[in-house]
Each structure stands twice: as structure tokens, then as C-alpha cells.
Amino acid sequence: MDCYTANWNPLGDSAFYRKYELYSMDWDLKEELRDCLVAAAPYGGPIVLQNRVLDARIFHTEFGSGVAILTGAHRFTLSANVGDLKLRRMPEVPGLQSAPSCWTVLCQDRVAHILLAVGPDLYLLDHAACSAVTPPGLAPGVSSFLQMAVSFTYRHLALFTDTGYIWMGTASLKEKLCEFNCNIRAPPKQMVWCSRPRSKERAVVVAWERRLMVVGDAPESIQFVLDEDSYLVPELDGVRIFSRSTHEFLHEVPAASEEIFKIASMAPGALLLEAQKEYEKESQKADEYLREIQELGQLTQAVQQCIEAAGHEHQPDMQKSLLRAASFGKCFLDRFPPDSFVHMCQDLRVLNAVRDYHIGIPLTYSQYKQLTIQVLLDRLVLRRLYPLAIQICEYLRLPEVQGVSRILAHWACYKVQQKDVSDEDVARAINQKLGDTPGVSYSDIAARAYGCGRTELAIKLLEYEPRSGEQVPLLLKMKRSKLALSKAIESGDTDLVFTVLLHLKNELNRGDFFMTLRNQPMALSLYRQFCKHQELETLKDLYNQDDNHQELGSFHIRASYAAEERIEGRVAALQTAADAFYKAKNEFAAKATEDQMRLLRLQRRLEDELGGQFLDLSLHDTVTTLILGGHNKRAEQLARDFRIPDKRLWWLKLTALADLEDWEELEKFSKSKKSPIGYLPFVEICMKQHNKYEAKKYASRVGPEQKVKALLLVGDVAQAADVAIEHRNEAELSLVLSHCTGATDGATADKIQRARAQAQKK
Amino acid sequence: MAAHLSYGRVNLNVLREAVRRELREFLDKCAGSKAIVWDEYLTGPFGLIAQYSLLKEHEVEKMFTLKGNRLPAADVKNIIFFVRPRLELMDIIAENVLSEDRRGPTRDFHILFVPRRSLLCEQRLKDLGVLGSFIHREEYSLDLIPFDGDLLSMESEGAFKECYLEGDQTSLYHAAKGLMTLQALYGTIPQIFGKGECARQVANMMIRMKREFTGSQNSIFPVFDNLLLLDRNVDLLTPLATQLTYEGLIDEIYGIQNSYVKLPPEKFAPKKQGDGGKDLPTEAKKLQLNSAEELYAEIRDKNFNAVGSVLSKKAKIISAAFEERHNAKTVGEIKQFVSQLPHMQAARGSLANHTSIAELIKDVTTSEDFFDKLTVEQEFMSGIDTDKVNNYIEDCIAQKHSLIKVLRLVCLQSVCNSGLKQKVLDYYKREILQTYGYEHILTLHNLEKAGLLKPQTGGRNNYPTIRKTLRLWMDDVNEQGFCSLIISQNPTDISYVYSGYAPLSVRLAQLLSRPGWRSIEEVLRILPGPHFEERQPLPTGLQKKRQPGENRVTLIFFLGGVTFAEIAALRFLSQLEDGGTEYVIATTKLMNGTSWIEALMEKPF
């Protein structure tokens, strides 16, 4: 344990800094680092070496990464976002003859400024102007600034002067934090801030050829020897240092680790760790330590400390012993929410995996939390570390749509670019891996394949896409309209089918289009519907093509009403319809249509000869109109010509004559021969016209079955009763009884009751 | 507000709230004052979802009906078109937009497609050069609209015609989408049964859509145990017969539209002394009919014969309750009486309304013609003389009774005889054409295409087999047209809704629940279309363990429409003590024989 803090270096009274190796470098580097311009992304990001670029600075804002360039003409150009390269030229710096001795980019209020040093002067350059600035409390005697460094959060600035003096203050240049004199006048190779959120003692790390110095608000600095060319990468919570052979991390020891590991620490976490170790040794001291913590009521805090400290340890062994201690402590707590412990175990497992030098993302716990798992997965995907990314998703049980599916989709998009593999194999490989994984968009992958010029592969991939809404547009884009059509039909989405149809209609010639429709009945009926409302002529062509004579007939029937005004035109249209019905072997419809033509012509003649309105009346109404007009002969003739059944004709005449109130004619008619509809209708219709006198004439002629009804209609209750009694019909008896009204028909009612009683006796 | 939706076994208010939320979200996207231009067809169904007050809360200041030319003036920031995705409506919208006065204040245009956005329509708007004028083009997936605590409808008038005549499955696609929405709210339905071609297609679409949605795992505990999809053309018979329940008769005679009915006003005139009946109201009386009204909920599904006695019993109870005031002596008693007054007055109003309605209906049902018609219907359904020309129908034609009435009867005869003999069929057709006009040849053709009217093929009449196996005709129920009073008041079988005829569709549902369709394989093979069963696997955590005695919940979806009598029959089954199954009913359209035939008619001029 004691030796654990061996690499801890105190800075000032309160803080320690430690430096440990992340992994040794295994790169095949030809040049020396010093010959290269080096850029490294934070959060354990990748390192880029370049040996032929002018001076440039990369900076990071909340909108992305920007770049500032110093041109050969000593002008600055700046782009706030490398993704969207809008270069902005900064104003000229007055009197700048040679390159500034040092410069950097400051970000304040979301705006990037450039701070540059020329001789003893500092200038702040923004989009509009260039102004001289002076850091407060700067020691006198400076004739040149050799290095400047802005902190990770852009809040702090450090300046290194030719007098070996370091000024540290706020980036706004309004406040000084501290200063330090290192007495080394040689220009440092690099200077960066080394701090962390809630840092106790911010520090600046200065690197010379073979020396590394950590400087803060303390009289003494920490010094390290550098064995080879090294490069510093400032991070959120420390500094990465890499060289040809090694990659190290320097940071201020986090609070929890310090509490636990500080020599002779009595912090609850430290005691718990000790207790657990004793417990493993089966020593009773374990109990003493535990009691000590519990007496102070600090067990919860102890567990928390151990968990937190585990997060900040780089070595899995140490992580494990801290977590074991936490787990041990938890046993003595009633209610300790398990989340923090579980999550820490999970996070550490992920971190240890990506920290492996094969992967080479040396994230610290704080960086990881800041970066988020989603971004980390993105980075893994970008590096094509698909299996690891998937393992992490599965391990963390991320929802498939955000996790495994997304990664598989990326993998598939990469896979389709492998030109040396056959379409078959790629499609199969992708489907094997992806299967029906929810949230995978096969159409996106297919679109990528199409983008790479692999149409066939794209089509194969689309086969796996369950959402037709996604399949169809891409198929149309790839000019596979017929395939698109069958996919649209499969989906049942008629709108989608229509869309493809209209596409096909423009793409194919009419014949081919119709042929295509013919093979797709569902599409054909939809298109027919469309034509019914939009393109009547096409509808006819469609029916013709299918030899659908029945529908053609109906089509012409409709046309005879809609398109034709003149009678000749209408008759011609009907003739075409009748012909079509014959072809359809629908003899009934053909004959009916011919009848209609005959009627139309006749109605026309009637209008000419008699005046009045006949056209478009039904046959029945035409005959009625004729009778009402007194043209009985013509009515008879028409009825004969069209063979109106006798029964209906009787009803018709009866109704018409009653309407006319031509009672004489009605009576004549009733006697013309035996009525096929009986005489009850005569009674009824007379009563409807309130002619009881006429009604009674017919009542006597009504057949026995309806006699009672007829007598009741004309109000002859007594006679009705007699007939009913004669019939010995129970239903009729009750019907009559229901018509008996108290006062007048009392006797009749009694009679019926008697008859009933008698019937029952028998 | 819509409390009656939450009374049932499944709380359909959840659905209503979900669609209301969606509407509000859309309205809020168009910031500022707005005017809505309505596709007239949508206003009825929308009324069941959101009253004007909701729209007003979201700054809707004006409402117009969609029509050509220029839009009426309105000082609003947004003009929103609420339309069905139909090309002809797009043309009108384009006309509106193009004739917008450029000199006036600029207004933002938006379109809300109900229930689905359409590429075809957008293409049309693009061709007309106005697509770019719209800021928001969105869809409002209002597929299934909650009508009552156990009733959902798409109110898609043309659904039957489109599906069975025109081969257009758009409404089936919407039905499948609606079912997906239901499953998102009420959990995956583990079992799907179906009978009919359209049912098969909807099930296929659902299964396909489920595959498309994988990933967004539905973790809701399933409310429905199974889904039964039924094609209307499996049972063409039922809607043709005259419904004899209270609600069914109101619909048959006056037509219920989006749960409202318009009645002749005379019977509803306020009976005030000294009024002398001078100013009788001339405007139709409009009433909303749903289970929010206690009395209506009680009588709607009864055979009309049983309604009178319930009404008189209620009348006695209510007047007794009002008499209570004389017994109220202490201040406390009076206070209690007064507190009940609003409820009692509402009950009295409701009773007065339904007494009037019942009188109106009675005038019709006691007429001789109604009796004759019913007799013929019942003869057909019980299989008497279905193979020859019927005298009554002949007389109806000769007297030019309404064509729809005649068509209903002829179709009923055809269906009850598995098609008519060619001679009989031709005779009817000729009579109809001569009497009502040759243009009806198109309508007859449509009815034939839908299978409602057809020549008997193979000379075999299957209906008796179906009738006997499914026990469609219950003789003992029947007495003089209506059920005997005792049976109509205490029915023991669903056949009470047609006074003897048990609706085939509902019988299928009943037999599915017990003892299962395997027992009627033979009949199922005679009926059109495939029958099938599909299972939708549930994650283990969501599998239901039914408590002993707990009923299953079946969602039954009628593709092509359902009648109120069928609904009544299903409610009857739900209430059976040992029924074991409760039903929630969904349909493409609430309909009756008249509205059904009307939708199939074609008038070329």
C-alpha cells in the first residue's frame, strides 16, 4: 500500500500529481516526432502526425472543431467548424513583419479570438479588430513570450516568457492566478494546462527536450525526466504524454483516490479498504476497522468513496480491490442503492476494454462520462471495431435501436463497399448478421450499395427490408419500377401502388404499361378506379384490352347519359352498350338496353306529337302519364308492346284512374274482365281518395279471404262480423273485435263474443 | 366529457384522448390564429373527437366548408385544410390557393390529411403548382373513431363498395392501420381469427406491419384476448332484414348519423298550456344517442316489443320520485330532494324524448305494410317459398314502393335461396327496370357483382344447411311478426334482435368462442372466403393469466359494415352470465340495409 503512492508528487500543500503509463507505443514510426506537426484529438482520441504543413492550431468549441491557420504572409485565417469550411480572414496585425513568437486561439462567448505575441507585446485579434492587451501583474523585464497555453475549458491562460517566468491567469486576461519562475530561459517545446474539474491545484505542464515540469501555485515544481521526444495532449482531466515508445497520463490525483490512498489516511474509504484486506486475511482487525467506520456512521460514505476511487484507477487489479472493498462494505448496510456499484463495474469493464492498446482509446472515467457511451460507440464504429462495439452494447443492454442495430447497420454499409466480394456473398453475409434485428434499415444499406454502383446488391438487400414504404422509392430511383410495383402491392398501401403506377405510366409506353397492369390485378383495379374519375377514355381502353364486355356495356350506358345530349347520340351509345352485352353473353342486359332504345325513341315521338315531358320517364311512368293525359289507347298499345304483366298493368291503371278521380272509367275498367289483383286494392284506393261510396261498390266483389278486411275498410263492422262468424276464423274475429268502438258497435261485439264462446264449446 | 367511453370493459377514452392529443399537437404546430377549411364529410366524425371548444382553445377562429373559387375572407394567420386524400378535393384546394388575393395579408397554408397522407395527392398539388404553398403537410391517423364504450367505427361510407366491387383495398389498409394504433394503446392482440377474403388481407397487412414496427417493442399488457375479423360478404343476409331492436328501428326509419338522429318535430313540441299549438317547431329535432344517456343505454338493444313496458315502468318510478317532495318534511329531506332534482329532471326529459320516439316508431311498426313486409322477410329467412316470384314484392313494384325497399327484399330472397332461378331473377329485374327506369341496370349490375343478387348456380340451395347448422331461425321466438312479449323481455338467444332470426355474423362469433369453429367446418366451407387463425407471440412477461371466472375480451371487426341489431346481439352475448366473452365492436361503417343498398346504387343522371 505504501508504495502505491510512490508515483505521487505533491504540488503545493494540498494536491498530488501522478503520471502513469497507459501503454507502450507499438507504432512503426519512421520520422522523429520533432520533425512532425502533431495533432491529437482529446478524450483519448487519435493522433495525427504531419510533416509538411504550415503552422496551425486546432480548437474545439461547442459547435465543433475549428482550425486557425497562420499563412506565409503572416495573416491569420480561421474556420469555426472544420466540417463546414468557411474560412474567415482575420484583420491584419499592425507592424507584424515576421511570424509571432507564439500564438493561440481563445474562445470567449462562443467567438474565437487569436492571441499572439510579438516581442514584448500581446495582441488580441477578433473578426473586426486587433487590440493590444496586457496581462495583469505580469513581472517586468519581459522582452518576448516564448509559449502560451490555453486550458481545456478555455478559461485559463498561461504565458512563458524569455525570462523563464510563467504567468498564469484567466483567459480573459483580467485576473492573475499565480506566477512561477523556473529559471530556465531555453524556449520550452510545449506548454499545456493540466487540470481537472474541481481541481484543487491547477497546474501547467512545460516540456523541454528532456525535461517535464509541472508548475502551479506553489514554490516547488514537480519535475520529470523525458527519455525521448514527447508530445503533450491536454485532456479534460489531465495531460497525455506520448513518445515513440510510450504513452503516459499525467493528472492531479482525484479527490477520492487521495482520500483513500494518502499515507496514514483515516478516511472512511481508506479504512474500509483496509478492513476488507484484513477480512481476506481472516484477521479480526477487519471487524475493528469496520466498527470504527460504523461508529462514525460513515459506512455509506466509505462505500461511495471506494466505488468512486475505483473509477479513477487505471490498473484493473486496483479497481478490483477497491470494488471488492465497496462490495464488502455494502454487506453491512441495510439499504444501499445498488446502481452506483453496478454501473461502475460496467463502466470499468467498458473502459478497460477500450484502453487495451489494440484499441488504444485511453479514456479516463471522467472523460468517458463527459464523452457519453454513444460517442464512444461512434468512435469504435469509425475505427471499424464493430465486434467490440456490439459486445459493449450487448453488455450494457442498450436498446437495440440505439445499440446493436445501429452498429450492425454501419458494419453493413462498410461491407457493401467491399468490391472484391460478390453481391450474393455480401447480401448473405449481411442478412446472416443482421437477420430481423429490429431497427435495422435495410433500405439505408441498399441505398449505400446503390451509391457505390452496386444496383444488384441493392436490390438483393431491399428484399430484406420489411417496410415497403422504404423499399419502393429506392426501387423507383434504381429504375426497377415493376419490382417496385409488386412490393407496393404486397404492402397493401394503395397510395404507394398509385405512386408507382403513375411512375410506370410515364416510364413505359402504353402497351407495355397495360401489359404490366394485366399481370397485377390489384393494381389494375386501382388504376381503373383512378381512370373512372380522371381518364374515362383510358378506362374504356382498359376494358377493351381485357375483353371485359360486361363493363364496356355499363361504360356505354353511363356515357349515354353523361356525354350525349341528342337522342340519336344517346341511342347510338346504347346500341354500342347492347352490342357489348351481347358479346358478354348477357342477353338480358342486351335486350333490356334495346328496350330502352325503343322506349327512348318512342318517348321522343310522344313529346313531338303530344307535347309534355316523356324523356327519361320509366316505362311504367310513361304509361301512367299517358293515362293521366287521357291517351288510353296509346297507353294500352305501349303496355302491349313492352309486355307489361297484367297484374302490374291493373295496379297501374287503378292508381292512375283513382288519381284522376275518374270513377266512371274505373268502374268500367273493373268490369273489363276479372281482376288479376282482386278487388281489395280497388276498395283501398277509393278509401285513400275518401270515396266511401265507390269503395262500397267494390267491397261486395272482394273474394271471401279478404272480405272481412274490405268490409272493415268501408266501415261496415256489423257485416264484417257476420262474415267472420260465418268463416269461423279466430284471427278475423279478433280483427273485427279490435275495430269495434264502444258505443256504436256494442251489439256486434257481443255477437262475436257469443260466437266465440260457441266455437269453444264445440 | 366522454365518460360513456370509459364505462366498458376496455376504456376507449384512452383512444379518444390519444387522437385528441394528436390533433392538438398539429394545431399547435401552426402558431397563431387559424381558420379550418373542412372537407364536409369529416365534420360529423370529427364531432365525436373534438368539439369546437377544443379547436377554439387552439386559436381556431373560423371554419369554412371546402368549395371552389376564393376562400372567404378571414383575418387569420393560418388556413388549414382538413381533407380526405382525394384527387378531386386537391383540385378544389388548388383553386382556393391560386385565387388567394396576393395584395392582402399573407396567410400560411397547411394541409391535414385524414386519415393518411397521400403521395398521389401531393403529386397532384405539385402538378397544379401549389405544393410549395403549404408549410405543414401532415396526416391525422383517425382510423377508428370511438362511438361508444364498446363501439368503434371508421365511418367509411364507400368501404363495402370499394372492397367488394371495385377491388380497391384502401379502406382495408386503413383498417389494418387502425388496428395497429389500437394495439399500440391496448397491447398486442395474441390471437387473430378471421373469415373472408378481406379479413385474410387485413390480417396479412397487420402481420406485415408488425414486422415493420419491430424494435419499438410494445410492452403494454394486452387488453384484448383475441380479434375476430369478419367480411361483410360472409353474411350478406343480416343487414337486408329489418332490424327490430329499438336502436335498430330508429336507424331503419330515421337514420342515425354519427350518433345523432333527426326526428320530425311535431311529437317533441313543448306541451304548454295556452299555447294552442300555434307555433309548432318546423326544424327537425336532433338528438344524440349513446350510452351516456342512462335510459337509452337500457332500452337501445331491446326488442322494440319490450320497450313500451320499460318506458311505462320508468314513468311510474319517476313520477313517484317527484311525489317524494310531499313526503319531504325536514329541511334535510328537502335539501336532499333538491340535490336530486337535476338528475330527476334529466331522467324525465330523457323519458319524454324516448316516449315520443317510441310513439313515432309504433306508428310505423303497427302499419299493415310493415307487418306484410316483415312476414315476407321472415318467410324468406325461415326458408319458405324462396324459389318463386313473391306476390308481395310484385305488388310493391306495381305500386312503386321505394326502390330500395324492393331491392332489399329481392336481395334477401336471393340470399336466402343461394341465388334465384334465372327465370325468377330475370322477371324481377325486368319489372324493376320497367317500373323504376332502365338506368337502374347499373345498380342491378352492382348488386350482382356484390353477390347480393345472383342466379342460382349448380341448382343447389345451401341456405337451409347453413340455417340449420347455425340455428339461424328460432321458431319459438316468433309470434305474429314480433317476438312474444315474454321472450322479447327476457331473451335467451340472440335471435330476439330480429324476432326469430339469429344474425349469422354474430352466430359465427358465438360459436367461435364456444365450442370453436372446428364444430362448423362444413358450413365455414360453404360460406365465402377462407377462415384462418393467426397467433402473435407475446413476450413472456406480458402473457395473461386469466383469473377464474374472468371473461375474455374479443375485438370483433366487421369489414364492410355492421348493423345496430348485430351490435345489440353482441352486447347480449357480452352480458350473458356464463358467456365467457365480452365484445368490443369495430367496423368500417355503421349501417343498415337501406344505407347499404343506397351506397351500391348508381345513378347516371
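Along each of its three principal axes, how wide is the spread of alpha-carbon positions in chain B, in whole angstrom units, largest first?
Dimensions of chain B along the principal axes of its Cα atoms: 77, 72, 62 Å.
How many angstrom lie between the Cα centre of the range A:623-684 and the Cα centre of the range B:31-68?
56
Read phi for every residue in the range A:252-261 and hand back ³J(HN,Hα) as whole Hz from Karplus 6.51 cos²θ - 1.76 cosθ + 1.60, θ = phi - 60°, with x for Gly and Pro.
Once θ is set to phi - 60°, the couplings for the range A:252-261 become 7, 4, x, 4, 5, 4, 4, 3, 6, 9 Hz.
Could you please rank A:504, A:296, B:5, placing first whichever residue has the fewest other Cβ atoms within 10 Å of its Cβ?
Arranged by neighbour count, lowest to highest, A:504, A:296, B:5 become A:296, A:504, B:5.
What pairs in A:653/B:405; B:29/B:77; A:688/B:429; A:647/A:696; B:302/B:405 have C-alpha atoms more than 20 Å from each other?
Beyond 20 Å between Cα atoms: A:653/B:405; A:688/B:429; A:647/A:696; B:302/B:405.
Under a cut-off of 20 Å between alpha-carbon atoms, report the aspartates and glutamates in cross-link reach of residue A:200, not counting same-chain residues fewer than 8 places apart.
A:13, A:175, A:179, A:217, A:220, A:235, A:237, A:252, A:258, A:259, A:308, A:313
In the structure shown, do any of A:591/B:400; B:400/B:454; B:421/B:454 have a Cα-Cα gap over 18 Å, and if so which?
A:591/B:400; B:400/B:454
Is any residue of the range A:625-641 close enough, with backbone N under 17 Å, to a label point placed 7 angstrom from the Cα of residue A:598 along the Cα-Cβ axis, and if so, which?
Within reach of a label on residue A:598, which here means backbone N under 17 Å from a point 7 Å along Cα→Cβ, the range A:625-641 contributes A:634-641.
Determine, for A:244, A:605, B:467, the number of other Cβ atoms within 10 Å of each Cβ, and report the residues in order from fewest to most.
Fewest to most other Cβ atoms nearby, the residues stand as A:605, A:244, B:467.
Among A:687, B:206, which comes first, second and so on when ranked by fewest other beta-carbon atoms within 10 Å?
The fewest-first ordering by Cβ neighbours comes to A:687, B:206.
In Å and whole numbers, how far do the C-alpha atoms of the range A:439-583 stretch along each principal axis, longest first?
Per principal axis, max minus min of the Cα coordinates gives 65, 26, 24 Å.
Enumerate the calculated ³J(HN,Hα) couplings along the range B:70-82 in order (Karplus 6.51 cos²θ - 1.76 cosθ + 1.60, θ = phi - 60°), each rounded to whole Hz, writing x wherever the residue is Gly or Pro.
7, 6, x, 5, 7, 8, 10, 7, 10, 10, 10, 8, 9
Against the 2.2 N^0.38 Å scaling, with N counting residues, where does the range B:521-562 land? I'd like the Cα-based Rg ratio to two decimal places.
1.70
Any idea what the dipole of the range A:345-408 comes to, in debye rounded to 20, about its Cα centre with Lys/Arg Cβ at +1 and Asp/Glu Cβ at -1?
My answer is approximately 120 debye.
What spacing in nm lies between the two simple spin-label points modelled at residue A:65 and residue B:70, each 7 Å away from Cα in the Cβ direction?
Going by the 7 Å Cα→Cβ label model, 6.0 nm.
What is the mean projected area of the alpha carbon convex hull for the range B:5-103, to one decimal in square nanometres?
7.2
Using modelled amide H (1.01 Å from N, peptide plane; none on Pro or chain starts), what sits under 5 Å from the amide H of residue B:136, excluding residues fewer than 5 places away?
B:111
Which three extents, in angstrom, do the Cα atoms of the protein assembly as shown have along their principal axes, listed largest first?
Reported extents, whole Å, longest axis first: 144, 84, 65.
What share of the DSSP beta bridges in the protein assembly as shown is antiparallel, in percent to the nearest 5?
So the antiparallel bridges in the protein assembly as shown amount to around 70 percent.
Can you pull out the GluC sites (Glu not before Pro) in the range B:506-551 whose DSSP state is coil and whose Cβ has at most 13 other Cβ atoms within 10 Å?
For GluC sites (Glu not before Pro) across the range B:506-551 that sit outside H, G, I, E and B with at most 13 neighbouring Cβ atoms in 10 Å, the list reads B:550.
Which loop-located GluC sites (Glu not before Pro) does the range A:654-762 contain, where loop means any DSSP state but H, G, I, E or B and the Cβ has at most 10 other Cβ atoms within 10 Å?
Nothing satisfies the criteria.
Need the C-alpha centroid separation for the range B:536-577 versus the range A:511-580, integer Å.
Cα centroid to Cα centroid, the span is 45 Å.
For residue B:149, enumerate residues with amide H under 5 Å from its amide H, sequence gap 5+ or separate chain, H modeled in the peptide plane.
B:291
For the range B:170-262, divide the Cα radius of gyration by the Kirkwood radius and give the resulting Rg/Rh value with two decimals.
1.09
Please list, in chain and number order, the residues 5+ apart from residue A:333 or on another chain whose amide H is under 5 Å from its amide H, with Hs placed from the backbone.
none
Kindly write out, for the range B:309-318 in residue order, the coupling ³J(HN,Hα) from the Karplus curve 6.51 cos²θ - 1.76 cosθ + 1.60 (θ = phi - 60°), rounded to whole Hz, with x marking Gly and Pro.
5, 5, 4, 6, 4, 4, 4, 5, 4, 5
Which three numbers, in whole Å and largest first, are the semi-axes of the equivalent ellipsoid of chain A derived from its Cα gyration tensor as √(5λ)?
So the equivalent ellipsoid measures 104, 40, 26 Å along its semi-axes.
Provide, for q = 0.12, 0.15, 0.25 Å⁻¹, the log10 of I(q)/I(0) from a solvent-free Debye sum over equal Cα point scatterers in the range A:119-209.
-0.36, -0.56, -1.41
In square nanometres and to one decimal, what's the mean projected area of the convex hull around the Cα atoms of the range B:218-357?
15.1
Around residue A:127, what is the net charge, scoring Lys/Arg as +1 and Asp/Glu as -1 over all other residues with Cβ under 14 Å from its Cβ?
Net charge in that neighbourhood comes out at +2.
Would you mind computing, in nm to one decimal, how far apart the modelled labels at residue A:139 and residue A:74 are, each placed 7 Å from Cα along Cα→Cβ?
2.8
If we count every other residue with Cβ under 9 angstrom of residue A:686's Cβ, Lys/Arg +1 and Asp/Glu -1, where does the sum land?
Its environment carries a net charge of +2.
Please work out the Cα center distance from the range A:426-483 to the range B:579-596, rounded to the nearest Å.
42
Please compare each pair in A:505/A:540; A:487/A:583; B:161/B:267; A:668/A:709; A:707/B:373; B:468/B:603 to a cut-off of 27 Å on the Cα-Cα distance and tell me which ones are over it.
Violating the 27 Å limit, Cα to Cα: A:487/A:583; B:161/B:267; B:468/B:603.
Based on DSSP H runs of at least 4 residues, each adding -39500 (n - 2.57), what is the mean residue ellipticity at 222 nm of chain A after dividing by all its residues, to the nearest 500 deg cm²/dmol?
Value at 222 nm, helices only, nearest 500: -15500 deg cm²/dmol.
Could you tell me which of rounded, prolate or oblate describes the range B:47-122, using a ≥ b ≥ c as the square roots of the eigenvalues of the alpha-carbon gyration tensor, with rounded for a/c under 1.5 and, failing that, prolate when a/b is larger than b/c and oblate otherwise?
Oblate, because a/c is 1.5 or more while a/b does not exceed b/c.
Against the longest principal axis of chain A, how steep is helix A:386-396, in degrees 0 to 90 to the nearest 10, with axes from Cα atoms?
80
For the range A:575-689, what is the Kirkwood estimate of the hydrodynamic radius, computed as the reciprocal of the mean inverse distance between distinct Cα atoms, to one decimal in Å?
15.6 Å is the Kirkwood radius here.
For the range A:87-142, what is the per residue volume of the convex hull drawn over the alpha-carbon atoms, in cubic angstrom?
Dividing the Cα hull volume of the range A:87-142 by its residues yields 99 Å³.
Rule-based calculations on the coordinates, nothing more; no lab input. Given the structure is predicted, the values throughout are model-derived calculations rather than measurements. Quick reminder, even Gly has a Cβ in these numbers, built from the backbone with ideal geometry, and neighbours come from all protein chains shown.
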